[in-house]
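Written out below as structure tokens is the structure these notes cover.
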Amino acid sequence: MGESIAASHWDAVYASKAANEVSWFEATPSLSLDLIARFGQPSGSVIDIGGGESLLVDALLAGARSDVTVLDISENALAAVRRRLGDRADAVDWIVADIASWTPERRYDVWHDRAVLHFLNDPADQASYARALDAALSPSGVAIVGTFAPDGPEHCSGLPVTRHDAESLARLLGKRFRLLFTTRADHRTPWDTVQHFQFSLFGREAGCSDIGGR
Ligand SMILES: C[S@@+](CC[C@H](N)C(=O)[O-])C[C@H]1O[C@@H](n2cnc3c(N)ncnc32)[C@H](O)[C@@H]1O
């Protein structure tokens, strides 16, 4: 899917549906918050990749995190969250970008992705994602990647997805990263169906903190 087609798709989704009318809505992003609290440095920076209209950013700000970035391909999604946050939006860095072609300008202590990587079906896009993660993660940072599990849905928002487990993610990220934790999670959609997710957490292998080369 080309970058502008993907952006149009997601902008149309967010223009036509309320935040709680999409299958991925969760009133409280409990698992994400728990993993960030358990594995992230207490006052470390966080980037939410493909944050959409997630309430994660609200909870991070309420938890006194002062360095929070939300990236999404959809300008509409980020505009809606900025409206929701009002003045608090000024405390957040907002990036409209396609994660498959984004070059980070700084590093972050926590990379969080819930339900974004699985939309990248082309191996070249997946490799670009891994390169962006490598370039963006601080030397002692952790990457939390939540995707549909191997027994999860095959489509979402009308798009095909690539399902993952910890092993496929470890292969994708390569030898520079080490799996620290993985868990399965059942997401209950607003219409009360269950979607099987997996969340896997990676840190850098010792000596693999330089930006670039794999
Ligand atoms: C299923 S939603 C999940 C949103 C949010 N992470 C959550 O848990 O509520 C997928 C999000 O990824 C964004 N997205 C899809 N493809 C993307 C890409 N290539 N680069 C950046 N964001 C993307 C969409 O705009 C959408 O907000």
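The values are calculated or read from the model by the stated rules, or taken from the named source; none is laboratory data. Treat the numbers as computed from the prediction; the structure is a model and nothing was measured. Cβ atoms come from the backbone with ideal geometry, glycine included; neighbour counts cover every protein chain shown. The area values use the complete protein model at the heavy-atom level, side chains included, leaving out ligands, DNA and RNA. Shrake-Rupley method; radii C 1.70, N 1.55, O 1.52, S 1.80 Å.
Annotations for the structure displayed:
- Residues that are buried (at least 20 other Cβ atoms within 10 Å of the Cβ) and in a loop (DSSP other than H, G, I, E, B) do occur in the stretch 67-77, at least one of them.
Every residue, every condition in (1) part of a helix (DSSP H, G or I); (2) of a type in the set (Lys, Arg); (3) closer than 25 Å to residue 134 by Cα, yes or no:
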{"site": "37", "(1), (2), (3)": "yes, no, yes"}
{"site": "44", "(1), (2), (3)": "no, no, yes"}
{"site": "47", "(1), (2), (3)": "no, no, yes"}
{"site": "64", "(1), (2), (3)": "no, no, no"}
{"site": "88", "(1), (2), (3)": "yes, yes, no"}
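- Being part of a helix (DSSP H, G or I) and within 29 Å of residue 11 (Cα to Cα) is a condition met by at least one residue of the stretch 172-194.
- Pick from the stretch 43-59, criterion of a type in the set (A, V, I, L, M) and open to solvent by 10 Å² or more (accessible area, probe 1.4 Å), ranking: nearest to the ligand (Cβ to nearest atom): 55
- Members of the stretch 13-39 found to be without any contact (Cβ under 8 Å) to a residue 60 or more places away in the chain and within 11 Å of residue 77 (Cβ to Cβ), listed by number: 17
Residue by residue, here is whether (1) assigned to a strand (DSSP E or B); (2) under 24 Å from residue 190 (Cα atoms); (3) not β-branched (Val, Ile, Thr) holds:
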{"position": "1", "(1), (2), (3)": "no, no, yes"}
{"position": "13", "(1), (2), (3)": "no, yes, no"}
{"position": "25", "(1), (2), (3)": "no, yes, yes"}
{"position": "61", "(1), (2), (3)": "no, no, yes"}
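- Applying a threshold of 7 Å to beta carbon distances and a minimum spacing of six or more residues, or different chains, the list of pairs starting in the stretch 126-144 at a residue that is under 13 Å from residue 110 (Cα atoms) and ending at one that is at pLDDT below 95 and of a type outside the set (D, E, K, R) reads 135/211; 139/209.
- Within the stretch 87-100, the set of residues being open to solvent by 40 Å² or more (accessible area, probe 1.4 Å) and more than 16 Å from the ligand (Cβ to nearest atom) comprises 87, 88, 90, 91.
- Every test in (1) within 15 Å of the chain's Cα centre (by Cα); (2) surrounded by fewer than 20 Cβ atoms within 10 Å (Cβ to Cβ); (3) among the hydroxyl-bearing types (Ser, Thr, Tyr) is passed by residue 103 save one, and that test is (1).
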